[in-house]
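Following: one structure in structure tokens, then a few remarks.
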Amino acid sequence: MAVKDYLRERFFPHLWCPGCGHGEVLGGMIRAIERLGLKKNDIVMVSGIGCSSRIVGYVDFHTLHTIHGRALAFATGVKLARPELTLIVPMGDGDALAIGGNHFIHAARRNIDITAIVMNNRIYGMTGGQFSPLSGINVSATTAPFKTIDKSFDIVELARAAGATFVARSTTYHAQHLSEVIEKAIRHKGFSVVEVLTQCPTYFGRKNRIGDAPEMVKWLKDHTTPVGSKAKQENPELIERGIFVDIEAPEYCEEYSKLVERARGGSR
Amino acid sequence: MAKPKLKRHLINRDWCKGCGICVELCPKHVLELDEQDKVSVVRPQDCICCRLCELRCPDFAIEVETEE
């Protein structure tokens, strides 16, 4: 099938700003799903609130557009009721790690078979460019006219510490890589997290004078390096991309069905 | 495997928002924005069919069609 066969074309052109990276993440996700040969009816995409969360409106899968930060909680419910379905949860950085921070760490802790895609543009775009827990130090935002003093989360380290069994990072510059890691994340049995560094030219780029969308995409190329590279040792400021965690561990739905079996056996 | 040969670029002008990502990041400078800020193919003979424009376009507005 072609990429467009997975889209709800009647809603296009989409609402994202010119140059916003979210559309590219959507494309990467669809190409991954196409290569995996998943049926549209076997995929459930659940999102919360924000620019990134509007993604579910554009895909021809089962979709749930839920409440801010709680997409993983809804997805957990769907997955436990119908474990045979493939659950994908696209989230923004604020949605995933500020409003939904607790849901994020606990979904990771349980190792439930859900793929979380965190589209990290380091800003709250939809509400007007407030800084997020991923903005980092020395960033301008509408709520930080004198620049931020807040350290940012490292999504990869946070997900690893919370117990996610697949953790990767990619960017919108590395389009091919982005789609490949999403494919691996969906294939992985357990909680997988893919952080995608993406661009918000409207708020982050303009406020921080990084330039227009193409300049922001080039920034992602210049400020990242493959995991374990020599460049990182020479310049610790670089952000690593690649697969950081890929381990096997008991999956939550499988453990739950074993528990149900045990409980049934015990009552007889 | 033989090099893919370009048939044409399919451009959806209604979906293109003129962000310029494809134009700036094309390794062969095949594309430009026209007077209406929509992508147009100005040097198709230089296209190497790497599809980076297609993969990076946030608006699904450009597709590279190759000869079978």
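The values are calculated or read from the model by the stated rules, or taken from the named source; none is laboratory data. Just so you know, these numbers come straight off a predicted model, no measurement behind them. Counting neighbours? That spans all protein chains shown, and the Cβs are built from the backbone with ideal geometry, glycine included. Areas reflect the complete protein model, heavy atoms only, side chains present, ligands, DNA and RNA absent. Shrake-Rupley method; radii C 1.70, N 1.55, O 1.52, S 1.80 Å.
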Next on the checklist: Restricting to the stretch A:105-138, name every residue that is under 15 Å from A:Arg206 (Cα atoms) and not in a loop (DSSP other than H, G, I, E, B).
Outcome noted: A:Tyr124, A:Gln130
Item to check | Single unsatisfied condition, A:Val196 versus (1) touching a Lys or Arg at 6+ places or on another chain (Cβ under 7 Å); (2) under 22 Å from A:His174 (Cα atoms); (3) not aromatic (Phe, Trp, Tyr) | outcome: (1)
Checklist outcome for this item: Screening A:Gly205, A:Gly163 for residues that are out of contact with any Asp or Glu (no Cβ under 6 Å at 6 or more places or on another chain) and either within 14 Å of chain B (Cβ to nearest Cβ) or within 25 Å of A:Cys17 (Cα to Cα) (or both) leaves only A:Gly205
Checklist entry - Exactly one of (1) within 14 Å of chain A (Cβ to nearest Cβ); (2) open to solvent by 30 Å² or more (accessible area, probe 1.4 Å); (3) charged (D, E, K, R); (4) free of Cβ contacts under 8 Å to residues at least 40 places away in the same chain is unmet by B:Glu35. Its number? => result (1)
Checklist entry - So which of A:Gly57, A:Gly94, A:Gly28 ends up being among the small types (Gly, Ala, Ser), within 13 Å of another protein chain (Cβ to nearest Cβ) and within 24 Å of A:Thr202 (Cα to Cα)? => result A:Gly28
Item to check | Elements of type strands (runs of 3 or more DSSP E) contained in the stretch A:172-246, each with 3 or more residues being open to solvent by 30 Å² or more (accessible area, probe 1.4 Å) | outcome: A:239-246
Item to check | A:Val56 vs. criteria in a strand (DSSP E or B), aliphatic (A, V, I, L, M) and open to solvent by less than 30 Å² (accessible area, probe 1.4 Å) | outcome: no
Item to check | the stretch A:208-222 residues that are in contact (Cβ under 8 Å) with a residue 12 or more places away in the chain and more than 7 Å from chain B (Cβ to nearest Cβ), paired with ones that are assigned to a helix (DSSP H, G or I) and open to solvent by less than 60 Å² (accessible area, probe 1.4 Å) (beta carbon under 7 Å, 6 or more apart) | outcome: A:Met216/A:Pro201; A:Met216/A:Gly205
Item to check | Scope the stretch B:1-25; condition open to solvent by less than 70 Å² (accessible area, probe 1.4 Å) and facing chain A (nearest Cβ under 10 Å); matching residues | outcome: B:Asn12, B:Trp15, B:Cys16, B:Lys17, B:Gly18, B:Cys19, B:Gly20, B:Ile21, B:Cys22, B:Val23, B:Leu25
Checklist entry - Hey, any hits in the stretch A:159-168 for a residue that's part of a loop (DSSP other than H, G, I, E, B), crowded, with 24+ Cβ neighbours inside 10 Å and modelled with pLDDT of 95 or more? => result yes
Item to check | Number of positions in the stretch A:111-125 that are open to solvent by 10 Å² or more (accessible area, probe 1.4 Å) and out of contact with any Ser or Thr (no Cβ under 8 Å at 6 or more places or on another chain) | outcome: 1
